[in-house]
Structure formats: C-alpha cells, structure tokens
Amino acid sequence: MIGIDLCQIQRLERIYKKHGDRFINWVFSPREQAYLRKRKMAPRTMAGLFAAKEAMAKALGRGIGPVALRDLEVGHGPGPWGAWKGYRFDLSISHEGDYALAVARIQESGPSFSLPEFLQGQLKKRELNAHKGSVGKLALLAGRRGMVGAFVYAAKALYRSGAGMVFGLVDSEDQPVFTLAAPEVVLRDRKSGLAPLLDQVDALVLGPGLGLEDPALAEGLSAPIKKVVDAGGLTYLSGLDQLPDLRGAVLTPHEAEAQRLFHCQAPRQDLMTLAKDFARDKNCVFVLKGPGTYVTDGHRDYVNSTGNPSMAVAGMGDCLSGIIGYYLTALEDPFLAASMGVFVHGAAGDLANEKYGQSLMPLDVIEEIPQVLKKIL
Ligand SMILES: NC(=O)C1=CN([C@@H]2O[C@H](COP(=O)(O)OP(=O)(O)OC[C@H]3O[C@@H](n4cnc5c(N)ncnc54)[C@H](OP(=O)(O)O)[C@@H]3O)[C@@H](O)[C@H]2O)[C@@H](O)CC1
Ligand SMILES: Nc1ncnc2c1ncn2[C@@H]1O[C@H](COP(=O)(O)OP(=O)(O)O)[C@@H](O)[C@H]1O
C-alpha cells in the first residue's frame with residue numbers, strides 16, 4: 001500500500017507558535033525532535049515530517065487516530081525512512097512554496113520477526129515432483145459433539161502449515177457436521193480405531209476437544225508414531241499411574257495442564273524445571289505454553305519470542321497442535337519441529353494482532369500462517 005499527504009507549512013507554524021513544546025512532544029519522537037533542533041525548528045522541516053507521518057498512516061490503511069502520530073517515526077540516513085511497530089516504509093518528502101508533500105510505501109516486510117539461528121535453513125521448499133502423499137500425511141484425533149471447533153482449528157492449521165493430507169477420525173453419525181466445517185479433511189469412522197490408519201500416516205495429532213471416555217485415546221497415545229499430545233490427551237495422561245512410552249511425542253500443556261500432569265501447583269519457573277526433567281526421562285518434547293512458551297527435550301531449551309496477549313482466546317492451543325503436527329512430518333527432530341511450530345504460531349499471531357487486536361480469533365491466526373512462511377522459507 002502507498003499513502004500520500006500534503007501539509008501547509010504555515011498551518012504547522014501557527015500550531016507550533018500556539019502550543020510550543022506540547023505540540024512537539026505530542027507529534028514527534030525524541031529522535032525526530034533532535035533532528036528538528038538541528039534544523040532550528042524550521043517549519044518546512046516540521047511540515048515535511050508531519051506529512052510523512054500522515055502518509056504512513058494512510059499506507060497502513062488506518063489514518064491518524066488509531067495510530068499515534070508520535071509512534072509513526074521518520075528517520076534520516078541515507079535518505080528518509082519510516083517505521084511503525086516493525087513495519088518499515090520507503091518515504092519521499094518534498095517542499096515547494098507553502099506546501100510539504102510526502103509519499104510513503106510499506107516495505108514488503110510488515111511486522112518484523114526473525115527465525116532463531118538454530119531454526120534457520122531447516123525448512124525446505126516443496127520439490128517440483130511433490131504430491132499430496134509425499135508432503136506430510138497426518139491423522140487427527142480431535143473434537144467431538146460440542147467441540148467441533150477444536151477439530152477444525154487443528155485441521156486448518158495443519159493444511160495452512162503445509163500438510164498434504166489429513167485424515168480425521170470422527171464418529172460416523174457426526175461426519176456431516178465435520179465435513180461441512182472442514183471439507184478438506186478425509187474422514188474415517190472413529191469406531192474402527194486408529195490401527196488401519198497408522199501405516200498410512202507420518203504423524204498423529206491427538207487430544208484437542210477429545211473426551212476422556214474416547215476409546216481411541218489410549219490407542220493413539222501408545223501408537224509407535226510421532227505425535228502431538230494436547231488437551232484431552234494430556235488430561236488422560238494425568239490420570240494414569242503408569243505412563244505409556246512417550247518417545248517422539250510432543251506434549252503441549254498450558255500451565256494448568258502441566259500442573260495436572262505433575263500433580264502439583266508449582267509456579268511457571270518450577271514447571272519449567274519439572275518439564276525439562278520429564279522430557280529427559282521420557283525422551284519426549286515438552287512445550288509449556290504461555291507468554292514466552294518454553295520448549296525442551298531435556299537437553300536443549302528454547303524460549304519463544306513471538307506471540308502476544310491477543311492470542312489468549314479459546315481454540316488458540318488447538319491451532320498450535322496442528323502447526324506442530326505438520327512440522328513433525330517436515331523435520332526429523334521433534335525438538336526442532338516443536339520449536340518451529342511455536343515460533344510460526346506466535347509470528348502468525350503477531351501478524352493477526354496487527355489487523356484484529358484483541359478481537360482476534362483462531363482462524364485469523366491460521367490465515368496468517370502463509371505470510372509467515374513466505375518470510376521464513
Ligand atoms: N470450539 C472448540 O471446540 C474449542 C475446544 N476446546 C477444547 O476444550 C477442551 C477443554 O478446554 P477447557 O477450557 O474446558 O479446559 P482447560 O483448557 O484444561 O482449562 C481448564 C481450566 O484450566 C485453567 N486454565 C486454562 N488455560 C490456562 C492457562 N493458559 N494458564 C493457566 N490456567 C489455565 C482455567 O482455570 P481458571 O483460571 O479459569 O480457574 C480453566 O478453566 C480442550 O480439549 C480444548 O481442546 C478449547 O480449545 C476451546 C475451543
Ligand atoms: N499472553 C499471551 N502471550 C503469548 N501467547 C499467548 C498468550 N496467551 C495465550 N497465548 C498462546 O495461545 C495458546 C493458548 O493455548 P491454550 O490455552 O491451550 O488454548 P485452548 O485450550 O483454548 O486451545 C498458547 O499457544 C499460548 O502460548
């Protein structure tokens with residue numbers, strides 16, 4: 001998007017004379033104020049900066065109001081540039097007679113996030129001869145009546161992340177509802193169990209919106225396959241005296257689920273220590289969700305930097321389990337898969353937050369996954 005603005009120099013001069021530093025502090029950042037002082041507070045420079053800010057707000061499609069003028073920053077060197085919350089702008093500013101004119105164009109990047117070094121170069125673009133069976137086939141054991149959303153969010157997150165084929169296990173009488181909600185998923189009858197599917201898929205996502213009484217739960221948890229275990233799967237594990245073999249599994253509890261799993265009310269810092277010990281003992285990956293999600297396999301740690309409070313909304317964890325599920329098929333190492341999933345989920349949440357703020361819903365985040373992948377692939 002581009003934005004353009006014309007500003008009358010004398011009008012700005014009048015406002016400055018009337019309001020003085022109050023006006024300057026309201027409109028210009030400390031860096032801009034230093035620049036203005038160097039220019040002896042010249043009204044034409046002030047008007048140029050002002051026009052640039054208005055042009056940036058227009059390029060963002062928001063206008064002044066939702067965006068504070070002082071936050072829209074103009075810098076110099078080499079040439080003028082603009083910045084707002086991770087967005088960068090190309091700027092052109094000109095003066096002629098009574099007017100200053102500015103044009104702003106958003107650079108491609110949008111909110112900035114950079115993939116941590118240990119994740120760089122891990123993802124590969126699809127081969128030219130890729131087909132739906134070669135790019136990640138997964139089974140999804142999620143959702144039930146009243147919890148269709150959990151199934152839909154996990155499934156759509158799987159496909160948007162890059163999965164080629166998702167098989168969903170649902171009760172046959174509920175299939176019409178699930179088909180309507182997520183027609184891209186190939187449905188199989190849950191009563192037939194997981195076994196017929198296990199040879200056909202590379203990984204399993206298990207637990208979002210799943211009831212504890214579901215017979216497929218125990219079967220899924222003990223299946224010798226890479227898997228994400230979330231929500232219902234975690235609650236089921238919490239009730240067991242003897243845990244199944246969790247090698248290769250990625251567990252994704254929020255704090256309350258982790259407390260249930262460890263049978264204690266420990267604070268986050270202690271849960272992180274318990275998570276690391278647990279992951280080492282069980283040869284699995286533990287993802288302790290929350291602001292600064294913590295990922296550990298007992299030997300390596302990663303604290304995620306993407307994500308924001310607008311993501312505190314029902315169903316957000318279901319998206320994450322789908323995203324990580326896909327990366328279990330794309331990356332050999334489950335620790336890297338979990339870390340990549342957590343990073344992408346948070347980055348997509350940050351892009352969605354730019355558009356929706358705290359009105360954000362899970363599907364908004366899923367729709368931003370392609371933008372994140374464009375930047376990191
Ligand atoms: N549309 C759908 O189909 C959806 C389906 N979903 C599916 O629903 C299933 C059960 O979900 P659930 O909310 O009933 O159980 P659960 O998450 O264990 O919370 C229990 C209690 O724990 C607490 N608590 C929660 N989060 C916390 C946190 N981060 N940090 C700390 N504490 C936290 C909180 O207690 P409070 O703080 O309120 O006292 C909360 O009341 C699950 O399978 C899921 O996949 C949902 O994803 C929504 C959309
Ligand atoms: N304040 C926050 N900052 C960053 N990420 C958050 C914040 N609140 C929630 N999230 C993320 O949103 C997701 C919520 O997951 P979860 O609590 O399991 O939701 P649900 O069970 O409703 O699907 C997690 O990935 C968590 O890290």
Can you tell me which of 13, 54, 219 moves the most in a GNM of the chain? Springs connect C-alpha atoms under 10 Å apart. 13
What Rg and what Dmax come out for region 185-240 when only alpha-carbon atoms are used, in angstroms? 10.8, 31
For the chain, the percent of all C-alpha pairs falling in each 10 Å bin, from 0 up to the bin holding the max distance, is 5, 22, 25, 18, 13, 10, 6, 1, 0
Helix-only [θ]222 nm of the chain, DSSP H runs n ≥ 4, -39500 (n - 2.57) each, per residue, nearest 500: -13000 deg cm²/dmol
Accessible area (Å², per residue) of the chain, counting only protein heavy atoms and a probe of 1.4 Å: 47 Å²
Please report the carbon-and-sulfur percent of the accessible area for region 1-121; probe 1.4 Å, protein heavy atoms only, DNA, RNA and ligands left out. 51 percent
Rounded to whole Å and sorted largest first, what semi-axes of the equivalent ellipsoid does the C-alpha gyration tensor of region 62-160 yield via the square root of 5 times each eigenvalue? 45, 21, 13
Quick one: grab Rg to one decimal and Dmax as a whole number for region 2-106, Cα atoms only, in Å. 12.4, 34
The percentage of Cα-Cα pairs in region 130-194 separated by more than 15 Å is 45 percent
Distance between Cα centroids, region 1-76 to region 257-306: provide it in whole Å. 47 Å
Considering only DSSP beta bridges with both partners in the chain, what is the antiparallel share in %, to the nearest 5? 55 percent
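The values are calculated or read from the model by the stated rules, or taken from the named source; none is laboratory data. Because the structure is predicted, anything quoted here is derived from the model rather than measured. These area figures cover heavy atoms from the full protein model, side chains too; ligands, DNA and RNA do not enter into them. Shrake-Rupley method; radii C 1.70, N 1.55, O 1.52, S 1.80 Å.
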